[in-house]
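Student: To start, I am sharing the structure in question, which I have written as structure tokens.
The values are calculated or read from the model by the stated rules, or taken from the named source; none is laboratory data. A quick note: this is a predicted structure, and the numbers were derived from the prediction, not measured. Note: ideal-geometry Cβ built from the backbone for every residue, glycine included; neighbour counts use all protein chains shown.
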Amino acid sequence: MAGLHLKNLAKTYPGGVAAVRDFSLEIKDQEFLILVGPSGCGKTTVLRMIAGLEEISAGELYIDDRLVNEVAAKDRDIAMVFQNYALYPHLSVYDNMAFGLKLRKLPKVEIRKNVEEAARILGLEALLQRKPKELSGGQRQRVALGRAIVRKPKVFLMDEPLSNLDAQLRTQMRIEIAKLHKNLQTTFVYVTHDQTEAMTMGTRIVVMKDGLIQQIDSPQAIYDHPVNMFVAGFLGSPGMNFLEVLMIEEKGCIYAKLADALLPVPAAGGQRLKEQGYLDRKVVLGIRAEHLWGSGDFGDRHSEWALEGRLEFSELRGAETYHYVRIAGREVVVRVSPELRAATGQEVRVGFNMAKAHFFDQENGVNIC
Ligand code: ATP
């Protein structure tokens, strides 16, 4: 069991690439922390610095209050699971899992006990004599996890462990890894660029961009209160809709003006925008697909907060339908119930749940409301 403390960590690769900058984070014992962000944002570099596979350019890394910057990877008591599994092809499942323990010269009985226990946890008991090429992708990934588990490390690091699996297996393994975390009660740090994994697996998410932390919080808090447009657009599927609006005040109420429509801003939010000097200025209104609705979905309730648009495309997804609607020159995606059918090209009305709207500064994308 271990907590990690990353203090102003930075990594500059030879050639001057600043892959990670001023990265500060405390990871609690037994936490399941997710590092998420687009390709190249520095996630793997952070993980490799924790593992001791990459030298730290600046800052301090503590494991359980012990400074480990100069401690070799093998002495950090950390296990890493890689995207490509990195199994030895000529060894059986059993020997792949036992490999690290043999190197450490553990007694044979103990090795057998640890491997059998890990095999039981991962449902690999019947496959211990097989070679990696005789396994499915999901089974290989399980062996890679098993090899980490047998060592009983203080911390598990996982670098996109599911990205080589097909969609169905990914869903299954996502649940298995979350259960594994519960069973093992150990600290997990998990890298992904998949926002579904980020939203569903971890206790906290760190959203990264260009080597910098954008936001750290629980999945729900990040979804409900993204600090900027990047985070709002990156997490959630589909991403948040963004529309340019003009903030105005009329008869004591604050409105977001979009084309000819006035969308009322809830009083407290409107006041905050006014105090920050956003009246009579353009800002970006952000609203998620589930906070827009098609006419018919909610009867005519709130119909005064609805805008005319043209349906460009419908995506049927079984339990829900996404309507892509052009409003005031911009396409927005609206989540509607599957019963609500409309033909492409048809004029539709789209309602706005303004209590759920976000407002962002046009220049720097910061959430201002
Ligand atoms: P991905 O999701 O594509 O794996 P990532 O978020 O994990 O990306 P990193 O692999 O940490 O990103 O890379 C961060 C930046 O550092 C990128 O610009 C990458 O090109 C650069 N980089 C990574 N490794 C090296 C290296 N050994 N030498 C030079 N630059 C590197």
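Here's the yes/no breakdown for (1) in contact with a Cys (Cβ under 8 Å, 6 or more places away or on another chain); (2) assigned by TED's automatic domain parsing to the domain that holds Val336; (3) under 22 Å from Phe313 (Cα atoms); (4) surrounded by 13 or more Cβ atoms within 10 Å (Cβ to Cβ):
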{"residue": "Gln220", "(1), (2), (3), (4)": "no, no, no, no"}
{"residue": "Phe230", "(1), (2), (3), (4)": "no, no, no, yes"}
{"residue": "Glu250", "(1), (2), (3), (4)": "no, yes, no, no"}
{"residue": "Leu263", "(1), (2), (3), (4)": "no, yes, no, yes"}
{"residue": "Val284", "(1), (2), (3), (4)": "no, yes, no, yes"}
{"residue": "Leu292", "(1), (2), (3), (4)": "no, yes, yes, yes"}
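Student: Further question on the same structure: Can you tell me which condition Gln30 does not meet? The list is (1) assigned to a loop (DSSP other than H, G, I, E, B); (2) within 15 Å of the ligand (Cβ to nearest atom); (3) not aliphatic (A, V, I, L, M), and all the others hold.
Tutor: With (1) assigned to a loop (DSSP other than H, G, I, E, B); (2) within 15 Å of the ligand (Cβ to nearest atom); (3) not aliphatic (A, V, I, L, M) applied to Gln30, the lone miss is (2).
Student: Those residues that are more than 24 Å from Leu9 (Cβ to Cβ) and either away from the ligand (no atom under 16 Å from the Cβ) or outside the structural domain of Ile78 (by TED's automatic domain parsing) (or both), I need them from the stretch 182-212; list them, please.
Tutor: Hits for the stretch 182-212 are Lys182, Asn183, Leu184, Gln185, Met199, Thr200.
Student: When the residues of the stretch 176-215 are narrowed to those that are at positive phi and of a type outside the set (S, T, N, Q), which ends up surrounded by the fewest Cβ atoms within 10 Å (Cβ to Cβ)?
Tutor: So the first thing to find is which residues in the stretch 176-215 are at positive phi, and the list is 185, 210-211.
Right, trim to of a type outside the set (S, T, N, Q) and you get 210-211.
Numbers: Asp210: 15, Gly211: 22.
Applying the filter and picking the extreme gives Asp210.
Student: Only helices (runs of 4 or more DSSP H) wholly contained in the stretch 187-277 count here; list those with 1 or more residues that are of a type in the set (Lys, Arg).
Tutor: Hits in the stretch 187-277: 267-275.
Student: Moving to a separate point now. I'd like to verify a number: residues in the stretch 40-85 that are part of a loop (DSSP other than H, G, I, E, B) and near the ligand (Cβ under 9 Å from one of its atoms), how many?
Tutor: Total meeting the criteria: 5.
Student: List every residue pair whose Cβ atoms lie under 8 Å apart, where the two residues are 6 or more positions apart in sequence or sit on different chains, the first residue falls within the stretch 1-24 and is within 12 Å of Ile56 (Cβ to Cβ), and the second residue, located anywhere, is among the aromatic types (Phe, Trp, Tyr) and within 8 Å of the ligand (Cβ to nearest atom).
Tutor: So the pair list comes out as Ala19/Tyr13.
Student: Across the stretch 178-193, what is the total count of residues that are within 24 Å of Phe23 (Cβ to Cβ) and modelled with pLDDT of 90 or more?
Tutor: 8
Student: Okay, moving on. Under 6 Å by Cβ, and 6 or more places apart or on different chains, what pairs join a residue from the stretch 47-65 that is on the phi > 0 side of the Ramachandran plot and assigned by TED's automatic domain parsing to the domain that holds Tyr190 with one that is away from the ligand (no atom under 11 Å from the Cβ) and of a type in the set (S, T, N, Q)?
Tutor: Once the first residue is on the phi > 0 side of the Ramachandran plot and assigned by TED's automatic domain parsing to the domain that holds Tyr190 and sits in the stretch 47-65, its partners that are away from the ligand (no atom under 11 Å from the Cβ) and of a type in the set (S, T, N, Q) give Gly59/Asn8.
Student: Still on this structure, please answer the following. Kindly indicate the residue of the stretch 333-363 that is over 23 Å from Ile254 (Cα atoms) and of a type in the set (A, V, I, L, M) and also surrounded by the most Cβ atoms within 10 Å (Cβ to Cβ) among those meeting that condition.
Tutor: The selected residue is Val334.
Student: Touching an Asp or Glu at 6+ places or on another chain (Cβ under 9 Å), at pLDDT 90 or above and farther than 20 Å from Val227 by Cβ: is that true of Pro338 in this structure? Even if it seems obvious, please write down each step before you answer.
Tutor: Values: touching an Asp or Glu at 6+ places or on another chain (Cβ under 9 Å): yes; at pLDDT 90 or above: no; farther than 20 Å from Val227 by Cβ: yes.
Here the answer is no, as Pro338 does not meet what is asked.
Student: Further question: For the stretch 80-118, enumerate the residues that are in contact with a Leu (Cβ under 8 Å, 6 or more places away or on another chain) and within 21 Å of Arg174 (Cβ to Cβ).
Tutor: Met80, Val81, Ala118
Student: With the condition kept exactly as written, say whether any residue in the stretch 9-22 is within 15 Å of the ligand (Cβ to nearest atom) and either of a type in the set (Ser, Thr, Tyr) or under 28 Å from Gly137 (Cα atoms) (or both).
Tutor: Among the residues of the stretch 9-22, at least one is within 15 Å of the ligand (Cβ to nearest atom) and either of a type in the set (Ser, Thr, Tyr) or under 28 Å from Gly137 (Cα atoms) (or both), which makes the answer yes.
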